Amino acid sequence: MSVARFWRKQVQRYNLVGTHCKSCDEYFYPPRNMCPTCRRNGKIESYKFNGDGEVISFTVIRTAAVGFEHQTPYILAIVQLKEGPKLTTQISCGIDEIYLGMKVKPVFRKLGDGGEKGMIYYGTKFIAAE
Amino acid sequence: MKTGIVSYGAYIPKYRIKVEEIARVWGDDAESLSKGLKVDEKSVPDIDEDAATIAVESARSAIARCNIDPTRIGAVYTGSESHPYAVKPTSTIVAEAIGATPQLTAADFEFACKAGTAAVQACMGLAASKQIDLGLAIGSDVSQGAPGDALEYTAAAGGVSMLIGTNPDEIIANIEDTYSFTTDTPDFWRREGMPYPEHGGRFTGEPGYFKHVTGAAEGLMSKLNTTPKDYDYAVFHQPNGKFPSRVAKMLGFTTEQILPGLVVPKLGNTYSGSCLMGIAATLDQAKPGDCIFATAFGSGAGADAFSFEVTENIEKSRNKVATIEEMLQNPTYIDYSIYAKHKDKLRRA
């Protein structure tokens, strides 16, 4: 990923900043500039999620993409935030500890890097809430 | 104008390795090491944790404890000897991740194990002179010990954030005064580009730790006209369990005064976070009116002494975030091979 591409989405990745349509009360993460339901009548505002959510699907990665080999086995999951949006994320826990419906909360972690000389990419992962 | 701690927060990774496991690999006498160092185990960062992520987690904890608006923070200073970048501040990452940007100043500090308290002093100055409303001082490290080196038994991971301000209605502990003692003493160093620090062995003791800690501690007590009996608690930099216990005795403090803040036996040395972690653990237990004496030490070498008086406001900050004692409970123990992977001591083909 290019430095500029990551930087543009940095704030939303660090702090789970998405958007909310005041017209239909739908929440979006990643943020949408236009509400797909209300279209022109939508009233979009910035919204910071506190990150409370639930695991609704997960898989265990054992053959990882380049740059993630040292993390295997790790968990990639779909987390549904309490406001509704679903996001794909890593869950930082043992592969025998995760289950569907697990309550999770966000943590600030390294997401990856551009090699020894490259930039370090930080952002949000999730851990068990209790 | 008087300054004080408005809030504090800490973060300790969940992984631990026992001294006996490290000793098993290097063929050392675990019992003698544990007894000599007075350290049983140390914290280990997760594979995706570094000084920046730990700093962010501790800062978020400090903000959550007292429900502080992060845009009030006018300075973020992060002290560490394991900043993830050689050039590019950790403090900007923290400031962005807590929502304090862009109207603030930020910089990284480095002074071995006392960079965190140096950051506290800088925030005190800016807050007292009304240049800023609140200052965020952080000590955070994923400290390095070369495989087989004596430091490997104690070099741990963790961080503490302190919000420094001047509003008496918010301050949970007044900083009565601070006093520093600094000389050019090469007891411990790491050259540019080198992965692990070097140290002067026993030279780190008398001319390093003990001379500077006693110099700063005696200097502050003389300045304030206080004695160890005037304090309910005392915290000294904890590279191991032996040094703070010995220096406390040398200065006239009792075991009972240092025990609440002596976290090193189950945590290890969190370097820039070490003394601040002891202060945080003490604040977790302290009552309004209690007085706390603290002295941080950084190789190179210098010591920063502080005198705190806990205020009534501390009761409002209770039970909002996990205590140090709670963070030390239920760790996940790992063996040396997993530890080596977490600490990037092993390189894949």
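The values are calculated or read from the model by the stated rules, or taken from the named source; none is laboratory data. Note that the structure is a prediction, hence the values are computed from the model and not measured. Reconstructed Cβ throughout: ideal geometry from the backbone, glycine too, with neighbour counts over all protein chains shown. The protein model used for the area step is the full one, side chains on, heavy atoms only, and it has no ligands, DNA or RNA in it. Shrake-Rupley method; radii C 1.70, N 1.55, O 1.52, S 1.80 Å.
Which one is farthest from A:P85 (Cα to Cα), of the residues in the range A:12-62 that are among the aliphatic types (A, V, I, L, M) and away from every other protein chain (no Cβ under 14 Å)? Outline the logic, then answer.
Of the range A:12-62, the ones among the aliphatic types (A, V, I, L, M) are A:16-17, A:34, A:44, A:55-56, A:60-61.
Cutting the leftovers down to away from every other protein chain (no Cβ under 14 Å) gives us A:34, A:44, A:55-56, A:60.
Values: A:M34: 15, A:I44: 15, A:V55: 12, A:I56: 12, A:V60: 22 Å.
Residue satisfying both the conditions and the ranking: A:V60.
Please go through the range A:84-130 and give me each residue that is among the small types (G, A, S) and in a loop (DSSP other than H, G, I, E, B), ordered by number.
To start, the set of residues in the range A:84-130 that are among the small types (G, A, S) comprises A:84, A:92, A:94, A:101, A:112, A:114-115, A:118, A:123, A:128-129.
Answer for the range A:84-130, where residues must be among the small types (G, A, S) and in a loop (DSSP other than H, G, I, E, B): A:G84, A:S92, A:G94, A:G101, A:G114, A:G115, A:G118, A:A129.
For B:A95, work out the one condition from (1) open to solvent by less than 40 Å² (accessible area, probe 1.4 Å); (2) within 13 Å of B:V160 (Cβ to Cβ) it doesn't fulfil.
All conditions pass for B:A95, except number (2).
What about B:A146, is it in contact with a Pro (Cβ under 6 Å, 6 or more places away or on another chain) and either farther than 20 Å from B:A75 by Cα or of a type in the set (S, T, N, Q) (or both)?
Numbers: in contact with a Pro (Cβ under 6 Å, 6 or more places away or on another chain): no; either farther than 20 Å from B:A75 by Cα or of a type in the set (S, T, N, Q) (or both): yes.
No.
Consider the range A:100-117. How many of its residues are within 17 Å of A:Q10 (Cα to Cα) and touching a residue at least 40 places away in the same chain (Cβ under 8 Å)? Talk me through it step by step, then tell me what you get.
Pass one, the range A:100-117, residues within 17 Å of A:Q10 (Cα to Cα): A:106-114.
So of that shortlist, the ones also touching a residue at least 40 places away in the same chain (Cβ under 8 Å) come out as A:106, A:108, A:111-114.
Matching residues across the range A:100-117 total 6.
Examine the range B:193-213 for a residue that is open to solvent by 40 Å² or more (accessible area, probe 1.4 Å), assigned by TED's automatic domain parsing to the domain that holds B:G273, under 30 Å from B:A286 (Cβ atoms) and of a type outside the set (K, R), and state whether such a residue exists.
no
Which of the residues belonging to the range A:7-54 are assigned to a helix (DSSP H, G or I) and either among the hydroxyl-bearing types (S, T, Y) or open to solvent by 80 Å² or more (accessible area, probe 1.4 Å) (or both)?
So the first thing to find is which residues in the range A:7-54 are assigned to a helix (DSSP H, G or I), and the list is A:7-8, A:10-15, A:39-41.
Matches in the range A:7-54: A:W7, A:R8, A:Y14, A:R39, A:R40, A:N41.
Matching residues to (1) over 14 Å from the mean Cα position of the chain (by Cα); (2) closer than 23 Å to B:Y333 by Cα:
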{"position": "A:P30", "(1), (2)": "no, no"}
{"position": "A:M34", "(1), (2)": "yes, no"}
{"position": "A:E45", "(1), (2)": "yes, no"}
{"position": "A:R62", "(1), (2)": "yes, yes"}
{"position": "A:C93", "(1), (2)": "yes, yes"}
{"position": "A:I98", "(1), (2)": "yes, yes"}
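Given the criteria away from chain A (no Cβ under 13 Å), under 22 Å from A:F49 (Cα atoms), of a type in the set (A, V, I, L, M, F, W, C) and in contact (Cβ under 8 Å) with a residue 24 or more places away in the chain, does B:I68 qualify?
yes
Kindly indicate which of B:V6, B:V39, B:V56, B:V19 is more than 14 Å from every other protein chain (Cβ to nearest Cβ), touching a Phe, Trp or Tyr at 6+ places or on another chain (Cβ under 6 Å) and open to solvent by less than 10 Å² (accessible area, probe 1.4 Å). Break it down stepwise before answering.
Details: B:V6 fails: touching a Phe, Trp or Tyr at 6+ places or on another chain (Cβ under 6 Å); B:V39 fails: touching a Phe, Trp or Tyr at 6+ places or on another chain (Cβ under 6 Å); B:V56 fails: more than 14 Å from every other protein chain (Cβ to nearest Cβ).
Unique residue meeting the criteria: B:V19.
Condition first: aliphatic (A, V, I, L, M) and part of a helix (DSSP H, G or I). Can you find one or more residues in the range B:225-246 that meet it?
Pass one, the range B:225-246, residues aliphatic (A, V, I, L, M): B:234-235.
Checking the rest, the ones that are also part of a helix (DSSP H, G or I) come to none.
Among the residues of the range B:225-246, not one is aliphatic (A, V, I, L, M) and part of a helix (DSSP H, G or I), which makes the answer no.
Please state which one of A:A4, A:A77 is away from every other protein chain (no Cβ under 14 Å) and either assigned to a helix (DSSP H, G or I) or modelled with pLDDT under 95 (or both).
Numbers: A:A77 fails: either assigned to a helix (DSSP H, G or I) or modelled with pLDDT under 95 (or both).
The unique qualifying residue is A:A4.
Among the residues of the range B:222-229, is there at least one that is crowded, with 18+ Cβ neighbours inside 10 Å and modelled with pLDDT of 95 or more? So that I can check it myself, show each step before the final result.
Start the filter on the range B:222-229 by keeping residues that are crowded, with 18+ Cβ neighbours inside 10 Å, which leaves none.
No, there is no match, as no residue in the range B:222-229 is crowded, with 18+ Cβ neighbours inside 10 Å and modelled with pLDDT of 95 or more.
Looking at this structure, is A:E97 without any contact (Cβ under 8 Å) to a residue 24 or more places away in the chain and out of contact with any helix residue (DSSP H, G or I) (no Cβ under 9 Å at 6 or more places or on another chain)?
On the way: without any contact (Cβ under 8 Å) to a residue 24 or more places away in the chain: no; out of contact with any helix residue (DSSP H, G or I) (no Cβ under 9 Å at 6 or more places or on another chain): yes.
The answer is no for A:E97.
If B:F308 passes every condition in (1) buried (at least 23 other Cβ atoms within 10 Å of the Cβ); (2) within 30 Å of B:P186 (Cα to Cα) but one, which one does it miss?
All conditions are met except number (2).
Return the pairs, sorted by first residue and then second, in which the second residue is outside any strand (DSSP E or B) and among the hydroxyl-bearing types (S, T, Y), the first residue lies in the range A:3-24 and is over 13 Å from A:F108 (Cβ atoms), the beta carbons are less than 7 Å apart, and the residues are 6+ apart or on different chains.
Once the first residue is over 13 Å from A:F108 (Cβ atoms) and sits in the range A:3-24, its partners that are outside any strand (DSSP E or B) and among the hydroxyl-bearing types (S, T, Y) give A:G18/A:Y29; A:C24/A:T37.
So how many residues does the range B:317-334 have that are more than 14 Å from chain A (Cβ to nearest Cβ) and either assigned to a strand (DSSP E or B) or surrounded by 13 or more Cβ atoms within 10 Å (Cβ to Cβ) (or both)? Steps first, answer last, please.
Restricting attention to the range B:317-334, the residues satisfying the condition of being more than 14 Å from chain A (Cβ to nearest Cβ) are B:317-320, B:323-325, B:328.
Next, only the ones that are either assigned to a strand (DSSP E or B) or surrounded by 13 or more Cβ atoms within 10 Å (Cβ to Cβ) (or both) stay: B:317, B:320, B:323-325, B:328.
Qualifying residue count, the range B:317-334: 6.
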